[in-house]
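Coordinate-derived values only; no laboratory data. This structure is a prediction, so every number in the text was calculated from the model and none was measured. When we count neighbours, we look across all protein chains shown, and the Cβ atoms used for this are built from the backbone with ideal geometry, even at glycine.
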Amino acid sequence: MRPWSFCTSWGHAITVRSPRTLGRMATSLSTSIRHSVRIGGSTKPELLSRLQTAEVQLNAYARALFADPRFVIAPEPSLLSAVEMAVGELGLPQGGTFDRVSQRASEFGFSLCPLEVGPFLRLQLLDQVDDPLGHPGSHGRAPPGSVTIASSPISCNEDDPKGFYLRRVNGVLWLRGYRSWAGHVLAPDDRLVFCQSTNTA
């Protein structure tokens, strides 16, 4: 179980700053990676079929997320701009809870992603850092090379999976779901994906 909790004050709106402010702040994101993600326009069975064709492996939590009716894919396709970054690049050298990290991300002009970003980005992100030995996370930290989609959880029940993260282990691509517990502090080198804006495709 990944000990992360995103079920506290996620009801608040995340403020998106002006492009000028974003431009100044983004210069400090030294290892950030930009992604253009095409989402929506598929049913869940169609998306699962695409993942299978791409030989993407899913864990039980990821399959549970797909089976959950609260996980909804937008009927119309759109192009979403996202950024992958380490927690420490948000000015949190000691890490922070997800609420703190997401609020700090909002000061950089970023917001939470739709849950569907996980599987759609998985289909695009083929050159993810490989962990040939499949190291597990340690002391509550994410596994090496993993990337978590920063999205609002579909449930605050600790027994339910909360969202997706991506891994590449010994050349095999994974889309994994995770569970969480309250109060976890993300490590400064944990990597998350936030969104910037969505435009009609």
Query raised in the report: How would you rank LEU80, LEU51, going from fewest to most other Cβ atoms within 10 Å of each one's own Cβ?
Result: LEU51, LEU80
Report task. Figure the gain on full extension for SER36 and ASP68 (residue separation times 0.36 nm, minus the Cα-Cα span) and round it to one decimal in nm. Result -> 8.9 nm
Query raised in the report: Hey, what do the phi angles of region 90-107 turn into as Karplus ³J(HN,Hα) couplings, whole Hz, using 6.51/-1.76/1.60 and θ = phi - 60°, x for Gly and Pro?
Result: 8, x, 10, x, 9, x, x, 5, 5, 4, 5, 5, 5, 5, 5, 4, 4, 6
Report task. For LEU173, list long-range residues whose amide hydrogen, built 1.01 Å from N in the peptide plane, is under 5 Å from its own amide hydrogen. Result -> GLN57
Requested in this report: Return the long-range amide H neighbours of CYS113 (sequence gap of 5 or more, or a different chain), with a cut-off of under 5 Å between placed amide H atoms.
Outcome: ALA150, SER151, SER152, CYS195
Report task. At q = 0.13, 0.18, 0.19 Å⁻¹, what is the base-10 log of I(q)/I(0) for region 19-200 according to the Debye formula with one equal point scatterer per Cα and no solvent? Please give it to two decimals. Result -> -0.64, -1.29, -1.44
Report summary line: When ARG70, ARG63 are arranged by how many other beta-carbons sit within 10 Å of their Cβ, fewest first, they go ARG70, ARG63
Report summary line: If THR43, THR148 are placed from fewest to most neighbouring beta carbons inside 10 Å, the sequence is THR43, THR148
Report summary line: Karplus ³J(HN,Hα) for region 33-42 (6.51 cos²θ - 1.76 cosθ + 1.60, θ = phi - 60°; Hz, whole; x = Gly/Pro) runs 10, 8, 10, 9, 10, 8, 10, x, x, 9
